[in-house]
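Trainee: Take a look at the following structure, please.
The values are calculated or read from the model by the stated rules, or taken from the named source; none is laboratory data. What you are looking at is a predicted structure, and each value in this text was computed from that prediction instead of being measured. Every residue, glycine among them, receives a Cβ derived from its backbone with ideal geometry; neighbour counts consider all protein chains shown. Side chains are part of the model used for accessible areas, which takes the heavy atoms of the whole protein and leaves out ligands, DNA and RNA. Shrake-Rupley method; radii C 1.70, N 1.55, O 1.52, S 1.80 Å.
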Amino acid sequence: SNSEQNLYPLIRRFLDYNNFPPGALLLRRMRTLRNIFLRMTPAERTRHKLESLQKILALFNDRKFVLIGDNTQQDLFIYKIAALENPGVVSHIIIRNVVKRLRSEREEASITAALRQVNTQLIIADDVMGKIDFSVLSEK
């Protein structure tokens with residue numbers, strides 16, 4: 001997660017409630033007032049998120065990952081790159097549609113096909129709650 005440490009209790013309850021498999025939860029430090037005013041550009045945020053994810057995948061390269069995001073930023077783009085650069089490590093990419101954005105069926109099919117080549121399942125839905133049995137992932 002790119003969330004701050006103060007959200008740990010909320011995130012932990014969400015993960016437990018939805019039967020996510022056990023794993024590391026790495027959160028970032030709380031922002032200082034100075035950091036709030038020195039905002040990153042969208043390109044910098046995307047690069048930072050991808051670099052952070054690559055470090056985590058390298059650190060825990062013996063594990064399988066489920067990457068969960070939404071369509072408000074560049075999560076699908078970032079996660080696709082991570083999955084393609086680390087074949088067999090990312091088992092699922094789950095993207096929740098938070099805002100109505102049109103993505104062509106052709107684009108989605110292209111992304112799905114590319115991910116299938118590295119054994120990554122893509123799930124895009126308006127509501128992912130209750131649709132995914134995460135307990136089966138802990139067996140792999």
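Trainee: Which order do the peptides 77-86, 13-22, 57-66 come out in when sorted by mean C-beta neighbours inside 10 angstrom, highest first?
Mentor: 77-86, 57-66, 13-22
Trainee: Rank these by accessible area, largest first, 1.4 Å probe: Leu10, Leu53, Leu25.
Mentor: Leu10, Leu25, Leu53
Trainee: For Arg106 paired with Phe14, estimate the spin-label separation in nm (one decimal), with each label point 7 Å from Cα along the Cα-to-Cβ line.
Mentor: Result for the modelled spin labels: 3.5 nm.
Trainee: In nm, to one decimal, how far is the Ser3 label point from the Ile81 one, both placed 7 Å along Cα→Cβ?
Mentor: For Ser3 paired with Ile81, the spin-label model returns 2.4 nm.
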